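Peer 1: Sharing a structure with you now.
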Amino acid sequence: MATNVKTRAEGRGSQLADYWPLISLVAVSALAALAIASGFGRADLAGFMHGYMGIFLVVFALLKLFNPSGFADGFEMYDLLARRVRAYGYVYPYLELALGLAYLAFFLPVFTYVATILLFVFGAIGVIKALRAGLDIECPCMGSILSVPLSTVTLTEDLAMIAMAAIMLVAR
């Protein structure tokens, strides 16, 4: 397990600039999803959420795949399974990529929603534990290329994915 974990410095993660890479990717994913949903005549909430989740997950998987070992190093600092099985840190980006592509293709929607909920609930538990411990680590959610601190923003991202998948599951 990586040992570069320290207690969060006061003020770290409290500035908007600390999250600019994440904000940019969320905004671009939303705009692209709106364009796709509109272009295919699916400008309803389900069409938008499929596009958004698909683009978001594909982009975030790609960022992790640029440096798989860097992602695995960061992921094992807080993810419950990656702490025990390092290989999970190498598999996780492919799970995220598969989910993203499934959303974009509207492939087996119920399975995709349930898989998303399970994957992100499990991940959120690890984030909660790390936040409660006050750990100061870079969030590997954007791979090792972009630097964003692990914080409540990371937890909010996980919870938003869970909520969107749950909304689509219930609305079916």
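Peer 1: Do we have LEU81 as surrounded by fewer than 18 Cβ atoms within 10 Å (Cβ to Cβ) and either part of a helix (DSSP H, G or I) or acidic (Asp, Glu) (or both) here?
Peer 2: yes
Peer 1: Being open to solvent by 10 Å² or more (accessible area, probe 1.4 Å) and out of contact with any Ser or Thr (no Cβ under 8 Å at 6 or more places or on another chain) is the filter here, so list the residues in segment 60-74 that pass it.
Peer 2: If the condition is that a residue be open to solvent by 10 Å² or more (accessible area, probe 1.4 Å) and out of contact with any Ser or Thr (no Cβ under 8 Å at 6 or more places or on another chain), then LEU62, LEU63, LEU65, PRO68, SER69 are the ones that fit.
Peer 1: Within the group PHE107, PHE111, which residue is in contact with a helix residue (DSSP H, G or I) (Cβ under 9 Å, 6 or more places away or on another chain) and in a helix (DSSP H, G or I)? Spell out how you get there, then give the answer.
Peer 2: Values: PHE107 fails: in a helix (DSSP H, G or I).
Just one listed residue meets the conditions, PHE111.
Peer 1: If the requirement is being open to solvent by less than 30 Å² (accessible area, probe 1.4 Å), in a helix (DSSP H, G or I), in contact (Cβ under 8 Å) with a residue 40 or more places away in the chain and of a type in the set (A, V, I, L, M, F, W, C), which of these qualifies: LEU57, LEU97, LEU101?
Peer 2: None of the others qualify; the one that does is LEU57.
Peer 1: Same structure, new question: Test ASN4 against the criterion of being among the polar types (S, T, N, Q), at pLDDT below 95 and within 18 Å of the chain's Cα centre (by Cα), and give yes or no. Working first, answer last.
Peer 2: Values: among the polar types (S, T, N, Q): yes; at pLDDT below 95: yes; within 18 Å of the chain's Cα centre (by Cα): no.
Judged against the criteria, ASN4 is not a match.
The values are calculated or read from the model by the stated rules, or taken from the named source; none is laboratory data. Just so we're clear, the structure is a prediction, and the values are computed from it rather than from any experiment. In this analysis, Cβ positions are derived from the backbone assuming ideal geometry, glycine residues included, and neighbour counts consider all displayed protein chains. Note: areas computed on protein heavy atoms with side chains; ligands, DNA, RNA excluded. Shrake-Rupley method; radii C 1.70, N 1.55, O 1.52, S 1.80 Å.
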